[in-house]
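Colleague: Here it is, the structure in full.
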Amino acid sequence: MATAAETFRICPTTGLKIHLSAQTLIKANAVAAVVFLLFGGLLGLSVALTRWPAVHILPANWFYLALTAHGFNVLLCWIIFFEVAILYFASAVLLNSRLAAPRAAWVAFALMVIGAVMTNVVVLQGDSSVMFTSYPPLRAQPGFYLGLILFAVGALTAVGCFFGTLVIAKEEKTYEGSVPLVTFGAITAAIIAVFTLASGAIILIPTFLWSVGLVSNIDPLMYKLVWWAMGHSSQQINVSAHVAVWYAIAAMTLGAKPISEKVSRTAFLLYILFLQLASAHHLLVEPGLSSEWKVFNTSYAMYLAVLGSMIHGMTVPGAVETAQRERGYTKGLFEWLRKAPWGNPAFAGFFLSLVLFGFLGGISGVVMGTEQINLLMHNTLYAPGHFHATVVAGTTLAFMAITYLVVPLIFQKEIMFPRMAQWQPYIFAIGIAGISVFMMGAGTLGVPRRHWDITFSDALLHYDYPPAAYLMLALNGLSAIAAALGGAMYIINVVASVSFGKSVKGAVRQAQPATPLPAAVVGQYGSVAHVRIPGTVVLVTVFLVSFVLYYFVNWKYLSEVWPMR
Amino acid sequence: MAISPPRERLWWKQPIHRVELIWILVAFLWGIVMFGMMVYWHAFGKHNLSNETYKVAPNEYYAKTEAMVSKYTVREEKGIPVVHPPPGSDVYLMARVWAWYPSLEFEQGQTYRLHLSSIDLQHGFSLQPMNINIQVHPGYEHVLTVTADQAREYSIICNEFCGFGHHTMVGKLYVVAK
């Protein structure tokens, strides 16, 4: 039960009742996330500049160290801290509830910070450059695994606080009917997180024991199978979380409502039910596993998790189009899109994230995850090219976008440099799209990932990559500079606004549609009469055609290699 | 809005718009096509990764490789033996930090049983410029049946990180016209 000591404030913009303990925890987790983004982002820049053969700034051992730390800091620390903040927001704030067990949430936070710092310190000592995946028999210092385990336990505790909050909100009847769609998406993310973090514990605990000498052998194939149940499934947490963020931003900036609650919620549910045995995508060219196993687990025969994303790919822009048309932007196919609030960084970041995630990340992921086609791409730069489109252009850009709403609403500070905020999503998106495309291009030419020197200057035997590969790596370096600039603009603005920004009095302008919706249509959705989305239909048709063409082009490439069986 | 509870309490009873239904159906069918392609390729395609794998101790694999090297070596390059095994035979390629051992010479148009394994860490077999990529594990012997259809020099790059000398790990595979 809520006690008198539990304090709340009423948000002047949304009218939501905000629990102050939850607010402080959201702030703490968001700030930690940004700190790790800064560190991990700089490491990423140094990696990209080293890959550019003409620049090649880091020596080999530093390159492998930086690459290990880059993966850990951005893929794990930045994203999971931010996701914890989103979970608290989607539960306590959106449901008008108090947060369950704030003390436990602080313990979770502390564990995550301790774990993250421990692993970083161990990596920086230099003898644990095993990459984020740490495939045995390559062995790191015990502290590397211990830090990861502490981090995972902390994250699991935070997920527990989220579920507890849902129970409290239901019992104390802080909302009516069903939870909002965004909260539903967050629940999806949290359920997947439990599976993910448990898999992490199952594999990292024995690996830790192996690193201290208590277990004699870790089978490398078994390790990969279980490790990727964490490594890949956790990307499904990101997808659920950033799709929830897309819906949230569309709602907050345009008053957009899902076309159909049923369809959007079912699409989220598909992520949980058909989260493919995600390890399979990473084991397609591994010995010792049958083709039947690979084909079935990579698709469950129907690709229903892919279907979930394709549904969101229509319902999210469809919701935007519907809201815009109701506002009167009904001319032609795309007036709704042209007249969208492109100057609002939250909207711009969200829409760019949606487009880049679908076209670059989504298509390349499914193609690369096709059993036979994986032969052309496994462990080449194509793989990081793909996941930078999903995790950075998709998740990170969406998280950056919602920050522009979180700072005024939760931190109650005005954005200090609004012009900089306006440009930031575009610069970051151009940079990250370039990184993805050029790494995929280099991968298509056979350039390996996690490789310090494709000129093989120290090697006994040589191989000359085609000049196009060098061009791709140079363009990748330039794109990384653009992305780093976009990242710096984000971090500087957020840190400055939070530390020195003017306090917000009254309602927040950015978080409200420029033109309010006519009162008559507010609240009427899921109703067939009001849906007209021809522009979205064109967009998804273009998407599907690109998908089909690119898919079959890769089969064509495959048919040109040596016959093998 | 998506950030507030659904206005219709019985949202699951609302009808679905026709456009959404069509898209769901199209996307679903596309998923079935993609699944079908993988199965089809196993039946009719000529490029499928072999499932033939054996457990093997690193020292056993080392011995098998050495036996082949001593039998079929035709020359040396920078101290690395180049092996020309008879067509159709079992060929052993051994990965270790940081070399592919030995270098191989195949005859164009001939088929070989190519064995892959590692005696220490995981490595990545990446045949360039063809761009075929296969993971190599210690303890597992993976047997591929390959047909070398073009006469030229190929390089084998390691594309799984295997320690600080990873980027020096390059091997050679020559295909010679017969």
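The values are calculated or read from the model by the stated rules, or taken from the named source; none is laboratory data. All values derive from a computational prediction rather than experimental measurement. Don't worry about glycine lacking a Cβ; one is built from the backbone with ideal geometry, like all the others, and counts go over all protein chains shown.
Colleague: Residues that are polar (S, T, N, Q) and in contact with a Phe, Trp or Tyr (Cβ under 8 Å, 6 or more places away or on another chain): list the helices (runs of 4 or more DSSP H) wholly contained in segment A:275-392 that include at least 1 such residues.
Modeller: In segment A:275-392, the matching helices (runs of 4 or more DSSP H) lie at A:291-299, A:304-326, A:345-356, A:363-368.
Colleague: Taking segment A:298-331, which residues are within 11 Å of chain B (Cβ to nearest Cβ) and among the aromatic types (Phe, Trp, Tyr)?
Modeller: Selection gives A:Tyr300, A:Tyr303.
Colleague: As an exercise: evaluate A:Val295 against (1) over 21 Å from B:Val143 (Cα atoms); (2) at the interface with chain B (Cβ under 7 Å from one of its Cβ atoms) and give the number of the one condition it does not meet.
Modeller: (1)
Colleague: Also, I was wondering about something else. So which of A:Val521, A:Val498, A:Val504, A:Val508 is farther than 30 Å from A:Leu37 by Cα, hydrophobic (A, V, I, L, M, F, W, C) and modelled with pLDDT under 95? Steps first, answer last, please.
Modeller: Numbers: A:Val498 fails: farther than 30 Å from A:Leu37 by Cα; A:Val504 fails: farther than 30 Å from A:Leu37 by Cα; A:Val508 fails: farther than 30 Å from A:Leu37 by Cα.
Among A:Val521, A:Val498, A:Val504, A:Val508, only A:Val521 is farther than 30 Å from A:Leu37 by Cα, hydrophobic (A, V, I, L, M, F, W, C) and modelled with pLDDT under 95.
Colleague: Let me ask something additional. Since A:Lys257 meets every condition but one in (1) within 14 Å of another protein chain (Cβ to nearest Cβ); (2) surrounded by fewer than 24 Cβ atoms within 10 Å (Cβ to Cβ); (3) outside any helix (DSSP H, G or I), which condition does it not meet?
Modeller: Here A:Lys257 clears every test but (2).
Colleague: Moving on to the next point. Based on this model, can you work out whether A:Val263 counts as more than 9 Å from chain B (Cβ to nearest Cβ) and either touching a residue at least 60 places away in the same chain (Cβ under 8 Å) or in a helix (DSSP H, G or I) (or both)? Explain how you work it out, then say what you get.
Modeller: Details: more than 9 Å from chain B (Cβ to nearest Cβ): no; either touching a residue at least 60 places away in the same chain (Cβ under 8 Å) or in a helix (DSSP H, G or I) (or both): yes.
Answer is no for this residue.
Colleague: So A:Arg338 fits all but one of (1) farther than 18 Å from A:Ser479 by Cβ; (2) in contact (Cβ under 8 Å) with a residue 40 or more places away in the chain; what number is the exception?
Modeller: (2)
Colleague: Among A:Ala100, A:Ala66, A:Ala105, which is part of a helix (DSSP H, G or I) and in contact with a Cys (Cβ under 9 Å, 6 or more places away or on another chain)?
Modeller: On the way: A:Ala100 fails: part of a helix (DSSP H, G or I); A:Ala66 fails: in contact with a Cys (Cβ under 9 Å, 6 or more places away or on another chain).
Just one listed residue meets the conditions, A:Ala105.
Colleague: So if I check each of A:Glu371, A:Glu414, which one is more than 23 Å from the chain's Cα centre (by Cα) and buried (at least 22 other Cβ atoms within 10 Å of the Cβ)?
Modeller: Of A:Glu371, A:Glu414, the one residue that is more than 23 Å from the chain's Cα centre (by Cα) and buried (at least 22 other Cβ atoms within 10 Å of the Cβ) is A:Glu371.
Colleague: Which residues, taken from segment A:101-131, are surrounded by fewer than 21 Cβ atoms within 10 Å (Cβ to Cβ) and among the small types (Gly, Ala, Ser)?
Modeller: Scanning segment A:101-131 gives A:Ala101, A:Ala104, A:Ala110, A:Gly126.
Colleague: Related question: Tell me which residues, restricted to segment B:145-178, are among the basic types (Lys, Arg) and surrounded by fewer than 20 Cβ atoms within 10 Å (Cβ to Cβ).
Modeller: Those that are among the basic types (Lys, Arg) and surrounded by fewer than 20 Cβ atoms within 10 Å (Cβ to Cβ): B:Arg152, B:Lys178.
Colleague: Looking at segment A:154-170 only, could you name the residues that are surrounded by 18 or more Cβ atoms within 10 Å (Cβ to Cβ) and either within 24 Å of A:Pro384 (Cβ to Cβ) or under 23 Å from the mean Cα position of the chain (by Cα) (or both)?
Modeller: Within segment A:154-170, A:Gly154, A:Ala155, A:Leu156, A:Thr157, A:Ala158, A:Val159, A:Cys161, A:Phe162 meet the criteria.
Each row is one residue, and each column tells you yes or no for (1) touching a helix residue (DSSP H, G or I) at 6+ places or on another chain (Cβ under 6 Å); (2) over 21 Å from A:Val245 (Cβ atoms).
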| position | (1), (2) |
| --- | --- |
| A:Ser97 | yes, no |
| A:Val122 | yes, yes |
| A:Gln125 | no, yes |
| A:Phe144 | yes, yes |
| A:Ala158 | yes, no |
| A:Thr165 | yes, no |
| A:Lys170 | no, yes |
| A:Gly177 | no, yes |
| A:Phe184 | yes, no |
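Colleague: Yes or no: B:His142 free of Cβ contacts under 8 Å to residues at least 24 places away in the same chain and of a type outside the set (Phe, Trp, Tyr)? Show your work before the answer.
Modeller: Working: free of Cβ contacts under 8 Å to residues at least 24 places away in the same chain: no; of a type outside the set (Phe, Trp, Tyr): yes.
Against the criterion (free of Cβ contacts under 8 Å to residues at least 24 places away in the same chain and of a type outside the set (Phe, Trp, Tyr)), B:His142 does not qualify.
Colleague: For segment A:221-235, state whether one or more residues are surrounded by fewer than 24 Cβ atoms within 10 Å (Cβ to Cβ), within 26 Å of A:Asn297 (Cβ to Cβ), within 14 Å of another protein chain (Cβ to nearest Cβ) and not hydrophobic (A, V, I, L, M, F, W, C).
Modeller: For segment A:221-235, residues surrounded by fewer than 24 Cβ atoms within 10 Å (Cβ to Cβ), within 26 Å of A:Asn297 (Cβ to Cβ), within 14 Å of another protein chain (Cβ to nearest Cβ) and not hydrophobic (A, V, I, L, M, F, W, C): present.
Each row is one residue, and each column tells you yes or no for (1) polar (S, T, N, Q); (2) buried (at least 19 other Cβ atoms within 10 Å of the Cβ); (3) in contact with a helix residue (DSSP H, G or I) (Cβ under 8 Å, 6 or more places away or on another chain); (4) farther than 23 Å from B:His166 by Cβ.
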site	(1), (2), (3), (4)
A:Phe8	no, no, yes, yes
A:Leu25	no, yes, yes, yes
A:Asn29	yes, yes, yes, yes
A:Pro53	no, no, yes, no
A:Pro59	no, no, no, no
A:Phe63	no, yes, yes, no
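Colleague: Quick check: is even one residue across segment A:297-314 over 22 Å from B:Ile32 (Cα atoms) and in contact (Cβ under 8 Å) with a residue 24 or more places away in the chain?
Modeller: So far as segment A:297-314 goes, no, none of its residues is over 22 Å from B:Ile32 (Cα atoms) and in contact (Cβ under 8 Å) with a residue 24 or more places away in the chain.
Colleague: So, one more: Looking at segment B:37-94, which of its residues are of a type outside the set (A, V, I, L, M, F, W, C), assigned to a strand (DSSP E or B) and crowded, with 19+ Cβ neighbours inside 10 Å? Spell out how you get there, then give the answer.
Modeller: At the first step, the residues of segment B:37-94 found to be of a type outside the set (A, V, I, L, M, F, W, C) are B:40, B:42, B:45-48, B:50-55, B:58-62, B:64-66, B:70-73, B:75-79, B:81, B:84-90, B:92.
Those left that are additionally assigned to a strand (DSSP E or B): B:47, B:53-55, B:73, B:75-77, B:81, B:90, B:92.
Within segment B:37-94, B:His47, B:Thr53, B:Tyr92 qualify.
Colleague: In this structure, is B:Ile3 over 30 Å from A:Val553 (Cβ atoms), at the interface with another protein chain (Cβ under 8 Å from one of its Cβ atoms), free of Cβ contacts under 8 Å to residues at least 60 places away in the same chain and not charged (D, E, K, R)?
Modeller: Answer is yes for this residue.
Colleague: Still on this structure: For segment A:282-293: of the residues being in contact (Cβ under 8 Å) with a residue 24 or more places away in the chain and surrounded by fewer than 24 Cβ atoms within 10 Å (Cβ to Cβ), which is farthest from A:Ala398 (Cα to Cα)?
Modeller: My answer is A:Gly288.
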